[in-house]
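Worksheet: one structure, shown below.
The values are calculated or read from the model by the stated rules, or taken from the named source; none is laboratory data. Please read these numbers as outputs of a predicted model, since none were measured by experiment. Every residue, glycine among them, receives a Cβ derived from its backbone with ideal geometry; neighbour counts consider all protein chains shown. Please note that ligands, DNA and RNA were not included when accessible areas were found on the heavy atoms of the full protein model with its side chains. Shrake-Rupley method; radii C 1.70, N 1.55, O 1.52, S 1.80 Å.
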Amino acid sequence: MMEQAPILTITLNPALDVTTGTRQVVPDIKLRCEAPRFDPGGGGINVSRAIRAMGGDSTALVALGGATGQRIAELLAETGVPLMTLPAPGETRQSLTVDDRTIRQQYRFVMPGPEWSADDVETALQAATGAAEPGALVVLSGSNPPGVPARFAAMLAERLRGTGARLVVDTSGEALAEVAAATDRRVEILRMDDEEAAGLAGHPLPFRADTAGFAASLVASGAAHGVIVARGRDGNIIATDQGIWHAEAARVQVVSKVGAGDSFLAGFTLGHARGWPVRDALGLAAAAASAAVQTPATELCRGEDVERLFAARVVTQMRGPS
């Protein structure tokens with residue numbers, strides 16, 4: 001086992017992922033489905049599962065409620081990921097993925113999750129701060145449940161200030177905009193996809209140089225120490241004070257894109273926790289994402305696939321230190 005800093009993942013809005021398939025998805029008739037597969041899902045949970053698959057260690061702090069929450073806890077125990085639970089204010093949600101076998105398309109139905117109060121939010125902030133060891137990487141990934149303010153990541157960053165823990169954020173919408181608008185670099189790593197980056201920039205980012213320039217501008221303005229933008233098949237770009245790098249996406253057979261972003265974040269966080277140079281952590285992240293798309297539904301990445309793809313990684317420096 002390689003030495004690494006502690007990693008804590010946080011999942012406020014987990015889901016029991018139910019995956020099945022049917023001959024064809026059409027309206028108005030009963031669709032006879034295949035036997036379902038059940039997985040514990042949600043951003044942080046997926047990051048912890050992928051870290052485990054790559055031989056790393058993390059603890060998952062998860063808000064769970066009701067019978068569905070209990071089922072997720074049992075499934076996580078089977079994976080070997082250490083679990084810390086928060087009481088969720090209601091029954092944990094389920095998400096449904098259905099594969100249409102005729103046209104080979106995937107349909108994903110995502111439920112909202114229970115409504116949180118201000119007290120629930122405070123409980124979560126206290127639990128996360130208490131669970132974050134000095135020097136730990138704290139990964140906040142996934143959607144906010146209803147009632148959780150868009151500022152949650154910023155609130156957590158404030159609570160972690162001075163603890164020695166470093167915050168890694170992968171979010172979207174208003175929550176992403178809140179972090180991106182920060183000027184004090186309380187966030188260690190901020191990740192988004194190219195569509196989200198274009199939304200923040202207010203204009204398209206068609207070329208790698210456009211994405212690199214935008215990511216560097218967020219670092220310069222103080223949003224985070226490092227900003228990662230995923231460009232899909234065109235790979236991934238990270239900007240830090242040390243420079244800007246691009247990692248190629250491996251040319252692999254895509255079976256399912258579910259969990260690719262979480263696997264990417266797991267690879268980068270694990271490399272970062274091991275003290276690797278930025279380019280190698282980015283290479284591990286890209287390998288994990290490429291490995292994840294080769295597996296069905298919510299299986300995430302397999303360790304042996306990640307190793308093979310990491311050995312063949314192509315990471316290029318686009319710009320030196322600023």
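Scan the stretch 268-291 and tell me whether some residue there is among the aromatic types (Phe, Trp, Tyr), modelled with pLDDT of 95 or more, crowded, with 24+ Cβ neighbours inside 10 Å and under 22 Å from Ala312 (Cα atoms). Even if it seems obvious, please write down each step before you answer.
Step one: of the stretch 268-291, the residues among the aromatic types (Phe, Trp, Tyr) are 268, 276.
Among the residues that remain, those that are also modelled with pLDDT of 95 or more are: 268, 276.
Those still in the list that are crowded, with 24+ Cβ neighbours inside 10 Å too: 268.
If we keep only those that are under 22 Å from Ala312 (Cα atoms) as well, we get 268.
Among the residues of the stretch 268-291, at least one is among the aromatic types (Phe, Trp, Tyr), modelled with pLDDT of 95 or more, crowded, with 24+ Cβ neighbours inside 10 Å and under 22 Å from Ala312 (Cα atoms), which makes the answer yes.
Selection within the stretch 1-38: residues that are assigned to a strand (DSSP E or B) and under 16 Å from the mean Cα position of the chain (by Cα). The member of this set that is farthest from Leu83 (Cα to Cα) is Asp17.
Only strands (runs of 3 or more DSSP E) wholly contained in the stretch 57-176 count here; list those with 1 or more residues that are over 30 Å from Ala223 (Cβ atoms), in contact (Cβ under 8 Å) with a residue 40 or more places away in the chain and open to solvent by less than 70 Å² (accessible area, probe 1.4 Å). Quick ask: steps written out before the conclusion?
Working: elements: 59-64, 83-87, 93-100, 105-110, 137-141, 166-170.
So the answer is 59-64, 93-100, 105-110.
Within the stretch 233-255, residues that are aliphatic (A, V, I, L, M) reach partners that are open to solvent by 60 Å² or more (accessible area, probe 1.4 Å) and part of a helix (DSSP H, G or I) with beta carbons closer than 6 Å, at six or more positions or on different chains, in the pairs Ala249/Arg233. Considering every residue within the stretch 251-258, establish whether at least one is of a type outside the set (Ser, Thr, Tyr), open to solvent by 20 Å² or more (accessible area, probe 1.4 Å) and either within 30 Å of Pro146 (Cα to Cα) or part of a helix (DSSP H, G or I) (or both). Within the stretch 251-258, one or more residues are of a type outside the set (Ser, Thr, Tyr), open to solvent by 20 Å² or more (accessible area, probe 1.4 Å) and either within 30 Å of Pro146 (Cα to Cα) or part of a helix (DSSP H, G or I) (or both).
Hey, among Ala197, Ala216, which residue is touching a residue at least 24 places away in the same chain (Cβ under 8 Å) and within 26 Å of Ala292 (Cβ to Cβ)?
Working: Ala216 fails: within 26 Å of Ala292 (Cβ to Cβ).
Answer to the selection: Ala197.
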